[in-house]
Amino acid sequence: MPSRDSLVLFRRTPATLNRARVRELAATLCEEVAAGRRFTCLVADDRELRRLNRDFLGLDRPTDVLSFPSGEEGGSLGDIAISAERAAEQARELGHPVEQEIAILMLHGLLHLQGLDHHGDRGRMARAEARWRKALGLPAGLIERVRR
C-alpha cells in the first residue's frame, strides 16, 4: 500500500483543515475504491484550481474538483485537484465537516480517474458514487446534488 503522505499534497489551505483526517480518507479511498492503485490529490485554493481549470480545460473559473487520469496500465491512476475553499463553502451549505466534503470530492475525482464519466454514461458513475458513499458513510455526492 502507498504511504499516506504520498497521497495528498496541501497548498495554501486553511490552518483549521484537519490534514491528518484528509490523509486517512485518501488512504481509505486508495485501499477500498482504487483497490490499492495509487493516486495523488492536491488540496489547494480557488486560485490554483482556477489556473488548472484554465490551463487544462480552457475554463477560466475556479471549480471544486478536477481529475487528470495518468493513462498508465497498472500504475498510478492519476491526479486529483480539490479546492479547499469550494469544499469549505459547500460543507457549510450542506451542514457537514469540510474534511467530509473533501472526501466526497476526492471520491468523485477518483471515479473519473477510473474511467467513469457522468456526462453520458447512463447513470453508471452515479450508481458507483452512490454505492461507495453508502459504504463509506458519506452524505450526498456531487451527481446526486445536481439532480435535486
Review point. Would it be correct to say that residue 129 is in contact with a helix residue (DSSP H, G or I) (Cβ under 6 Å, 6 or more places away or on another chain) and over 16 Å from residue 13 (Cβ atoms)?
Key: yes
Review point. Of all residues in region 98-137, which are farther than 16 Å from residue 80 by Cβ and without any contact (Cβ under 8 Å) to a residue 12 or more places away in the chain?
Key: 119, 120, 121, 122, 123, 124, 127, 131, 134, 137
Exercise for review: Take the residues in region 31-67 that are of a type in the set (A, V, I, L, M, F, W, C) and free of Cβ contacts under 8 Å to residues at least 40 places away in the same chain, then tell me which one is nearest to residue 116 (Cα to Cα).
Suggested key: 35
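Return the residue satisfying two criteria in turn: it lies in region 21-47 and is outside any strand (DSSP E or B) and β-branched (Val, Ile, Thr), and of such residues it is surrounded by the fewest Cβ atoms within 10 Å (Cβ to Cβ).
So the first thing to find is which residues in region 21-47 are outside any strand (DSSP E or B), and the list is 21-38, 45-47.
Narrowing the set further to residues that are β-branched (Val, Ile, Thr) leaves 22, 28, 33.
Details: 22: 25, 28: 15, 33: 22.
Here the answer is 28.
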Review point. Would you say residue 50 is closer than 23 Å to residue 128 by Cα, surrounded by 16 or more Cβ atoms within 10 Å (Cβ to Cβ) and not acidic (Asp, Glu)?
Key: no
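Just checking, which of 55, 117 is over 22 Å from residue 23 (Cα atoms), surrounded by fewer than 18 Cβ atoms within 10 Å (Cβ to Cβ), more than 15 Å from the chain's Cα centre (by Cα) and not aromatic (Phe, Trp, Tyr)?
Numbers: 117 fails: more than 15 Å from the chain's Cα centre (by Cα).
Of 55, 117, the one residue that is over 22 Å from residue 23 (Cα atoms), surrounded by fewer than 18 Cβ atoms within 10 Å (Cβ to Cβ), more than 15 Å from the chain's Cα centre (by Cα) and not aromatic (Phe, Trp, Tyr) is 55.
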Revision key, fill the gap. When (1) under 14 Å from the mean Cα position of the chain (by Cα); (2) at pLDDT below 95 are applied to residue 106, the one that fails is (2)
Check your understanding: Within region 90-97, is even one residue part of a loop (DSSP other than H, G, I, E, B) and in contact with a helix residue (DSSP H, G or I) (Cβ under 8 Å, 6 or more places away or on another chain)?
Key -> yes
**Study point:** Residue in region 70-82 that is more than 20 Å from residue 15 (Cα to Cα), touching a residue at least 40 places away in the same chain (Cβ under 8 Å) and either under 12 Å from the mean Cα position of the chain (by Cα) or in a strand (DSSP E or B) (or both) present
**Key:** yes
Exercise for review: Specify which of the listed residues (127, 122) is more than 23 Å from residue 76 (Cα to Cα), assigned to a loop (DSSP other than H, G, I, E, B) and modelled with pLDDT under 95.
Suggested key: 122
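The values are calculated or read from the model by the stated rules, or taken from the named source; none is laboratory data. Nothing here was measured: the structure is a model prediction, and the numbers come from that model. For neighbour counting, all protein chains shown are included, and Cβ atoms are generated from backbone atoms with ideal geometry for every residue, glycine included.
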